[in-house]
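What follows is a set of notes on a single structure, which appears directly below.
The values are calculated or read from the model by the stated rules, or taken from the named source; none is laboratory data. This is a predicted model, so every value here is computed, not measured. All Cβ positions, glycine included, derive from the backbone under ideal geometry; neighbour counts span all protein chains shown. These accessible areas exclude ligands, DNA and RNA; they are computed on the full protein's heavy atoms, side chains included. Shrake-Rupley method; radii C 1.70, N 1.55, O 1.52, S 1.80 Å.
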Amino acid sequence: MENSEKTISQTIERIHKSEYGQILASLVNTFGDWDLAEEALQESFLAAVQQWEQQGVPKRPGAWLLVVARRKALDRIRKNKPVTVDPGNLENRSFSSEREIQYEEEEIADERLKLIFTCCHPALPMEHRIALTLRALGGLTTQEIASAFLVPVPTLAQRLVRAKKKIKESGIPFYIPPIHLLPERIESVLAVIYLIFTEGYASTSGDVLIRKELCDEAIRLCRMLEILIRKNLLSPDIPDEELSEVWGLLSLMLLNHSRRNSRIDSSGRIVLLDEQDRTLWNREEIQEGLALLQKALSLGSVGPYLVQAAIGAEHAISSHSSRTDWKKIAEWYELLLKMEDTPVIRLNHAVAVSIAEGPERGLLLLSALGKDLSSYAPYYLAVADVQKRLGSSESAKESYAQALAFTNNEVEKEFIRSKFDETR
Amino acid sequence: MKYQLLIYIDEKLEASRSKQELEQRSEDYTTYTQELLKSGKMVGGDRLHPTSSAATVKLREGKRITTHGPFAETKEQLGGYYLVDCSNLDEALDWAAKCPGAKHGTMEVRPVYDLGPKPN
């Protein structure tokens, strides 16, 4: 059945990755106790290692794991007091029949959506939301998440413990939120997904620029959210703006991710957008991103993710940076500024304007940002670029030196040094 | 689950409100309290006198120290609270958002320990 995989443990590893979140969601829903659910699921995986070796992998491994985990959880409830769930109700259900397994599978999708909303509840600190989402829905191990976010394993483990404690103590519900809460909640889920993506896309420290797995994971989560929302929330119930932003974010991530193979050259150096080999861009992802963008725009409402996707699309459809419609990009940024006025968006707007309308106008906009972005490396890079175009290489060199002082990423440092050296 | 809906207000700002504003406020609170009572979720609630009426006391090494004023100097002060019994945090947050305090101050929602049945 699993011929391509050499060992049972490889099979189990793959199943762990793909099914962990769904099974956990189902268990949390049944027992209302996160720790119990996790412990039971661990035991269930251990049982799988032993039994599948002898009896082979079952037809529906996810359902098998769920059924066994449920039994393990019940065992624990019977052994331990106080009892938080009345086992009487559960005992009447037969867990092992084929019909039961099939029924469970249909139920699972719904429960995963509940789990997303619980993990991304705005009452949880953002870093807890991220850790919990990756652990519960991504099926990433604590170790994997810790190394992706460059925090010590005990710190990450502590975050997970605190988050689960808060869910229990403060009564964060495990459900699909009522309609009046959906806009706020979907926004929170999207923010978590996008932060996971950006952490993978341009990590702020360490020596690997793109942690591809995090980007893949964020895209996978967003796809899942999109499918689950369409399946579980009937369209009249869900405001168009929300679905539009889900599509917008998915489009934005796909369009950015499509450039991953051209952003770093063979010696590990950063390649800027206008120097990238566009034949390396992933056409399939671009097509999908553009299609999603069109679909979202047709809904008529435009949110911040959608606007950023539109900007990404302008790059994606352009055969060369000199043919890119920078005027249009500057306009999109203006629209974005009306939604979210932040110094970083102002910076991007200024860069677009400096290309569309000339470096003088760009420098004017950039100067106004100096106070807000005085310790932000990309700001100094943008300033240096404009100064170079204006012919003042000494000022540009100074700006590069400042950029260098404010970056921790080795790949970026290398890039800035080379820019400094080539400025005469 | 029981939750405290704590109403934090800027007392200085409140002191500067017009009589008309305060009357409207008072009406809003009455309406809200009635709605909460009708829902059966309300366990209790009180409006507090301003912190200028407060006294603080603590025991240090057996010695009693009493001072005037509130414990902490913050921008916003506790002005009152409701105690509600809700099925989860979202429901409590909904009631907090409906409270007039959400408009003129900030609502903090805190779950209350369940220490079992009270003696009585």
Longest principal axis of chain A (C-alpha) makes with the long axis of helix A:153-169 (C-alpha) an angle, in degrees to the nearest 10, of 60
Once the dipole of region A:358-424 is set up with Lys and Arg at +1 and Asp and Glu at -1 on Cβ about the Cα centre, which of A:Gly358, A:Val386, A:Ala405 lies farthest towards its positive end?
-> A:Gly358
Relative contact order, percent, of region B:2-111 when contacts are C-alpha pairs under 8 Å separated by at least 6 residues?
-> 51
Expressed as an acute angle from 0 to 90° and rounded to the nearest 10, what is the orientation of the C-alpha long axis of helix A:98-119 relative to the principal long axis of chain A?
-> 40
Summarise the partner chain shielding of A:168-174 as one whole number: the mean count of Cβ atoms from other chains within 10 Å of each residue's Cβ.
-> 5
In whole percent, the fraction of accessible protein surface over chain B that belongs to carbon or sulfur atoms, probe radius 1.4 Å, stands at 53
So, relative contact order of region B:46-92 in percent, Cα under 8 Å, 6 or more apart, is 37
Enter the angle in degrees (range 0 to 90, nearest 10) between the Cα long axis of helix A:61-79 and the first principal axis of the Cα atoms of chain A, meaning the one along which they spread out most.
-> 60
Just flag the trypsin sites (Lys or Arg not before Pro) in region B:24-103 sitting in loop per DSSP whose Cβ has no more than 12 other Cβ atoms within 10 Å.
-> B:Lys75
Mean residue ellipticity at 222 nm from the helices of the protein assembly as shown, using -39,500 (n - 2.57) per DSSP H segment of n ≥ 4 over the full residue count, to the nearest 500 deg cm²/dmol?
-> -20000 deg cm²/dmol
Work out the count of Lys pairs in region B:2-111 where the Cα-Cα distance is under 24 Å, with the pair 8 or more places apart or on different chains.
-> 17
Any idea of B:Leu115's accessible area? Nearest 10 Å², probe 1.4 Å.
-> 150
Round to the nearest 10 and report in Å² the accessible area of A:Ile172, as given by a 1.4 Å probe over the protein chains' heavy atoms.
-> 10
Would you check the accessible area of A:Ser266, probe 1.4 Å, heavy atoms only, in square angstrom rounded to 10?
-> 130
With the charge dipole of the protein assembly as shown built from beta-carbon charges (+1 for Lys and Arg, -1 for Asp and Glu) about the Cα centre, the Cα from A:Ser18, B:Pro117, A:Val57 projecting farthest to the positive end belongs to B:Pro117
If you place +1 on the Cβ of every Lys and Arg, -1 on the Cβ of every Asp and Glu, and leave all else neutral, what size is the dipole of chain B about its Cα centre, to the nearest 20 Debye?
-> 500
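Specify, per residue and in Å³, the volume enclosed by the convex hull of the alpha carbon atoms belonging to the protein assembly as shown.
It is 244 Å³ per residue.
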To the nearest Å², the heavy-atom accessible area per residue of region B:2-111 with 1.4 Å probe amounts to 68
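I'd like the interface area for chains B and A: accessible area of each alone minus the complex, both sides summed, 1.4 Å probe, protein heavy atoms only. What is it in Å² to the nearest 100?
The contact between A and B buries close to 700 Å².
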Just which residues of region B:65-95 lose 20 Å² or more accessible area with every protein chain there, against their chain alone, with the probe set to 1.4 Å?
-> B:Asn88, B:Leu89, B:Asp90, B:Asp94
Mean per-residue count of partner chain Cβ within 10 Å for B:100-113 equals 1
Global form of region B:2-111, assessed from the alpha-carbon gyration tensor, a/c cut-off 1.5 | oblate
